[in-house]
1. How much of the accessible area of segment 53-189, in percent, comes from carbon and sulfur atoms when a 1.4 Å probe is used?
2. Using only Cα positions of segment 82-189, each an equal point scatterer, no hydration layer, compute I(q)/I(0) via Debye at q = 0.12, 0.18, 0.21 Å⁻¹ and quote the log10 values to two decimals.
3. Under a point spin-label approximation (7 Å from Cα along Cα-to-Cβ), what is the R171-H52 distance to one decimal in nm?
4. Between the alpha-carbon centers of segment 68-100 and segment 157-171, tell me the distance in whole angstrom.
5. Once you keep just the Cα pairs under 8 angstrom separated by 6 or more residues, what percentage relative contact order results for the chain?
6. Given the DSSP H assignment, sum -39500 (n - 2.57) over each helix run of at least 4 residues in the chain and divide by its residue total; what's the result at 222 nm in deg cm²/dmol, nearest 500?
7. For the residue pair D24 and Y163, what label-to-label distance in nm results when each label sits 7 Å from Cα along the Cα-to-beta-carbon direction?
8. Using the Kirkwood formula over every pair of different C-alpha atoms, what hydrodynamic radius in Å results for segment 32-123?
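The values are calculated or read from the model by the stated rules, or taken from the named source; none is laboratory data. Computed from a prediction, not measured in an experiment: that's the story for all the values here. No Cβ is skipped: glycine too gets one built from the backbone with ideal geometry, and neighbour counts run over all protein chains shown. Ligands, DNA and RNA are stripped out before the accessible areas are found, and what is left, the full protein with its side chains, is counted by its heavy atoms. Shrake-Rupley method; radii C 1.70, N 1.55, O 1.52, S 1.80 Å.
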Amino acid sequence: MLRVVLTSALAACLAIAQAPPDNDTLQRAIAFHQAGDYNGAIEAYQQFLQAHPDAPAGVRSNLGAALAHQGRYQEAIEQYQLALKAEPANTKARLNLALAYAKSSQTQNAIDQLVKVHAEDPADEQSALLLAMCYARLGHYKQVIDVLDPVNQAHPADLGVAYLLGTALIRDNQVERGQVLVDQILRNG
């Protein structure tokens, strides 16, 4: 899931960060990033940002994505925060920030960001699942149910949703309803 979000964020940011021909460093950073050379990308993004501290938020978001790929979540968080400071409505940066928080076990911070992302697009299954997983991690099963009930109605065959929702229902003492979802998983192997 992290790879899908980071890849889509990179694609969106690449459109923002189309560099003029004289920005060889940024072009190199993007090329490294697309090739999966995250160390090279990080170095080139940082070099570019030293020379251009007011660069578009997409550059910082790309740097955050490269850092996250390397497991350097705290540094990624800092870059996503700077990107959001420059562009508060950047939902992809906010989702990536939430992912970095979740990966670094800062679950409440992840929830704080995901609530905003989910409010913007309640039909987005990815942000709903991540929000529900974070709520489940903290034992907030009623919130898991609130988030996933609509997702389950829209995607009744999604076994990941069924598992998380079924487990939350059972832990919330709604055993019969939860058992129906768990049975659905067992029937499908």
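1. Working: 3430 of 6690 Å².
Answer for segment 53-189 is 51 percent, counting heavy atoms of protein chains only.
2. -0.42, -0.83, -1.04
3. 4.5 nm
4. Rounded to whole Å, the Cα centres lie 29 Å apart.
5. On the way: 234 pairs, mean separation 22.8, N = 189.
So the answer I get is 12 percent.
6. On the way: 11 runs with 148 residues, N = 189.
Taking each H run of at least 4 residues, the total per residue is -25000 deg cm²/dmol.
7. Result for the modelled spin labels: 4.9 nm.
8. Details: mean 1/r = 0.0758 Å⁻¹.
This gives a value of 13.2 Å.
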